[in-house]
1. Look through the stretch A:64-74, keep the residues that are under 10 Å from residue A:167 (Cα atoms) and touching a residue at least 60 places away in the same chain (Cβ under 8 Å), and return whichever of them is surrounded by the fewest Cβ atoms within 10 Å (Cβ to Cβ).
2. Name the single residue that is surrounded by the most Cβ atoms within 10 Å (Cβ to Cβ) among those in the stretch B:184-223 being in contact (Cβ under 8 Å) with a residue 24 or more places away in the chain and farther than 30 Å from residue B:38 by Cβ.
3. So which residues in the stretch A:87-108 are at pLDDT 95 or above and aliphatic (A, V, I, L, M), if there are any at all?
4. Is there a residue in the stretch B:130-149 that is part of a helix (DSSP H, G or I), within 14 Å of another protein chain (Cβ to nearest Cβ) and closer than 30 Å to residue B:178 by Cα?
5. Working carefully through the options B:31, B:68, find the one that is of a type outside the set (Val, Ile, Thr) and in contact with a strand residue (DSSP E or B) (Cβ under 9 Å, 6 or more places away or on another chain).
6. Just give me the residues in the stretch B:104-125 being surrounded by 10 or more Cβ atoms within 10 Å (Cβ to Cβ) and within 14 Å of chain A (Cβ to nearest Cβ), in sequence order.
7. Can you tell me which of B:155, B:97, B:49 is over 25 Å from residue B:216 (Cα atoms), modelled with pLDDT under 90 and of a type in the set (Phe, Trp, Tyr)?
8. Is the stretch B:42-54 home to any residue that is more than 24 Å from residue B:201 (Cβ to Cβ) and either in a helix (DSSP H, G or I) or in the same structural domain as residue B:205 (by TED's automatic domain parsing) (or both)?
Amino acid sequence: MNITLKVWKQRNKDERGRFETYQVQDVSEDMSFLEMFDVLNERLINEGKDPVAFDHDCREGICGACSMYINGRPHGPLQGVTTCQLHMRSFKDGDTIVVEPWRSAAFPVIKDLAVDRSSFDRIMAAGGFVSVNTGNAQDANSILIPKDDADKAFEAAACIGCGACVAACKKFFCYAIRFSKSIAAFIVASGKGRKA
Amino acid sequence: MYKQITGVDPYHSPMMIYPAVHYTMGGLWVDYNLMTTVPGLYALGEANFSDHGANRLGASALMQGLADGYFVIPYTIGAYLSSEIRTKAISTDHEEFVAAENRVRETLQKLMQIKGTKSVDHFHRQLGKIMWEKCGMARNAVALKEAIAEIQEHFLELGELMCMDALQRNESCGGHFREEHQTEEGEAMRDDDNFAFAAAWELTGDSQWKMNKEELKFENIKIAQRSYK
């Protein structure tokens, strides 16, 4: 399949960015979205042009590094699927795909599609954890956790910290801060409870 | 998940299964406190060699990261820091610092001045192919020697060291299968008389290594060939 890409190119956080149009030919539908970018970048490097900078790490859907805003949605058209697990079969031959970085003031652009997500680290450092010596761990079965709390805890644990929520919703960042603080408060409270 | 990746529904078509490199076994040598041979430099999780020997399975690699981070390093690093805390800020004018900085700068300059035309991906693929085909799950002496020669010509030496290590180990053990060392039924054939040790390779010069043997002693169990039968 042949794809037209409109990709956000920006040299650094201070310079103005713009959309650049690229044609990518002979794309296999089994390629992941990132592999399609690998093919494009290999070609750009061979032509002596500047490749498109983007973040990636595990490429198996668990690290959350592949932050791409695809056709107006973080991680593209599928539900609960990161960009690296999005395959070209989700698109049609001849499609034009618009790719932007995470769009949020909290995530300044480093280059092209790569953004600085250290604001998330600052939230965690500000109170997302606590170190309390509580002695030996109690048998987990003897601590009853209400189902609602357990479900909320699981939701927090399932987050891979990719930042899509912030990119999608400008207000979410405020919620994220409030949410992490309430978790911290919960941990502190339960730690104290156990000590007593 | 399978359907998401392949686009094929495994309820209707058989799953296609094939081996792939997920990560490498082994890693930096560390002592029981997880400190490397460089004083004050600690290596945790998958970066070190310590817990898993010749095998490191998927979930156990993650567990090693958690165990090292939660249960080992908080209790061991303090011993080093307690005396280091009195050390004042070290000047970057120190002659060792200047020498190290120059050494790195020269290496980088040398690489940049080549003005190469090939991408990082190009080297990654080529070296990856050599390692996959000649130092993969099943390996033999002939192919390993070819790989060493090919890597010496074009590539980074870490792959070469992995091939050298595989070549000197004349047995099949854990995830490392030497084709020359198998039973009649094609199972891994161990040689615990000669290879009951972890190999710790010490860098002695540019692309020069010396092997140190760390004997493996088992007091409560008897090591034996693994069998799924």
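1. Ranking the qualifying residues of the stretch A:64-74, first place goes to A:73.
2. B:190
3. Hits for the stretch A:87-108 are A:88, A:97, A:98, A:99.
4. Checked against the condition, which is being part of a helix (DSSP H, G or I), within 14 Å of another protein chain (Cβ to nearest Cβ) and closer than 30 Å to residue B:178 by Cα, the stretch B:130-149 yields no hits at all.
5. Answer to the selection: B:68.
6. B:116, B:118, B:119, B:120, B:121, B:122, B:123, B:124, B:125
7. So the residue among B:155, B:97, B:49 that is over 25 Å from residue B:216 (Cα atoms), modelled with pLDDT under 90 and of a type in the set (Phe, Trp, Tyr) is B:155.
8. no
The values are calculated or read from the model by the stated rules, or taken from the named source; none is laboratory data. Not measured: the values here are computed from a predicted model. Neighbour counts run over all protein chains shown; Cβ positions are idealised from the backbone, glycine included.
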